[in-house]
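See structure below.
Just so it is clear, none of the values below were taken in a lab; they were calculated from the coordinates. Keep in mind the model is a prediction, meaning the values are calculated, not measured. So basically every Cβ, Gly included, is an ideal-geometry build from the backbone, and we count neighbours across all protein chains shown.
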Amino acid sequence: MHSSGIRVSSQNRIDFSSADSSTSLLRFIIEKEEFTLSDKCQSTGSLSNDIFQLQSIISKNNSSPCYILFKPHQHNLWYFIFFMPLLCSVRERMIYSSSISSLRDGISFNCYKHNWNISSIQSISLNEFESFSNLNDNYNDVMSTDEREAQSNTIESQKSIGRSNKEQAIVGLKVKIDEKLKSALITLKLANSSNSVMMGLSESEILFVDSVMEFKLITEVSNRLSNEPRYLLILYSHIQPLTSNLSKKTIFIYYCPDSIRPRQKMFYSTCKSYVISIIKDSGIIIDKSLEFSDKIEINDNVILNDLYPTVNEKQQFAKPMKPGKWKKII
């Protein structure tokens with residue numbers, strides 16, 4: 001899964017650098033497509049009370065994801081905590097999971113001791129923290145040099161593509177399905193002429209049918225697109241360019257304008273594979289899958305070129321004659 005595109009701002013770095021030795025907690029949230037510092041706490045002077053303070057901060061908003069930089073009493077390095085409640089929305093799960101690396105590495109590269117992923121308040125206690133910390137410390141102590149190098153290479157590889165294993169796991173998240181979609185897919189499956197189903201995702205995370213229509217030219221379908229992302233399933237009846245035979249192809253198109261917000265783009269990208277699985281489960285075979293960012297590009301010429309790409313024949317060059325074998329000119 002791609003990174004969300006949200007970047008650490010200069011204010012985020014100022015917030016982090018202004019944390020002195022007595023600061024034990026910094027809580028960041030995503031607000032208006034930006035990382036925002038929402039809470040900052042000083043150490044209480046004891047590990048148990050710092051843990052209780054951490055628990056209290058998360059309890060205030062226990063239904064919303066957040067990132068917490070936590071440096072409890074007598075610890076020199078920060079723990080990077082990713083809190084993702086089990087009942088949060090698909091949209092929040094997607095955007096927060098795809099922004100972990102951006103915040104963690106954008107603020108500071110080498111100030112963290114461990115990454116701690118939490119999904120419930122019950123996971124936050126003195127015993128849980130000590131067990132987690134000791135387990136990871138012991139694991140690092142017994143690692144061989146080769147294992148450390150392999151782990152370092154893996155982390156660097158993950159950073160280079162802007163995602164972690166946790167982030168990759170959310171690809172293909174499921175959403176609710178509008179009942180009208182099932183009948184729309186059946187209509188397209190049984191159609192004898194060109195037909196299309198346009199699908200969208202609502203704020204309440206429901207895959208809905210935007211429109212169902214017959215058409216003669218694909219531009220009739222693309223003209224209905226706006227500046228919102230959409231999934232298109234098209235039964236395309238056409239004449240093959242080379243053979244002039246009548247043919248039908250089923251095409252899936254993911255349309256996502258460049259101008260939309262990163263959160264919305266990530267939401268649609270994350271759910272795309274699930275939408276495709278719904279189509280396949282209905283018995284429809286997809287012959288071609290395409291992606292476009294500009295609706296002008298969705299036309300018959302482009303689609304036909306993608307379905308039947310022209311093969312350029314290699315230019316034949318005459319083999320040079322050997323010296324002394326020149327043809328006699330009469």
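General remarks:
- Unsatisfied cross-links (Cα-Cα over 31 Å) in the set LYS32/LYS295; LYS248/LYS272; LYS32/LYS216; LYS32/LYS60; LYS32/LYS288: LYS32/LYS216; LYS32/LYS288
- Across region 303-310, coupling constants 3J(HN,Hα) worked out from phi with the 6.51/-1.76/1.60 Karplus curve, θ = phi - 60°, read 4, 5, 5, 6, 6, 10, x, 6 Hz, and Gly and Pro carry x.
- Projected label distance in nm at ILE177 and SER10, using a 7 Å step from Cα toward the beta-carbon: 5.0 nm
- Stretched out straight at 0.36 nm per residue, the stretch from MET213 to SER21 would grow longer than its current Cα-Cα span by 62.7 nm.
- Sequence ranges 20-26, 260-266, ranked by mean other-Cβ count within 10 angstrom, highest first: 260-266, 20-26
- Residue ranges 11-19, 80-88 sort as 80-88, 11-19 when ordered by packing (mean number of other C-beta atoms within 10 Å per residue, highest first).
- Two-site FRET efficiency, SER282 against SER125, from Cβ-Cβ distance with R₀ of 45 Å, rounded to 0.05: 0.45
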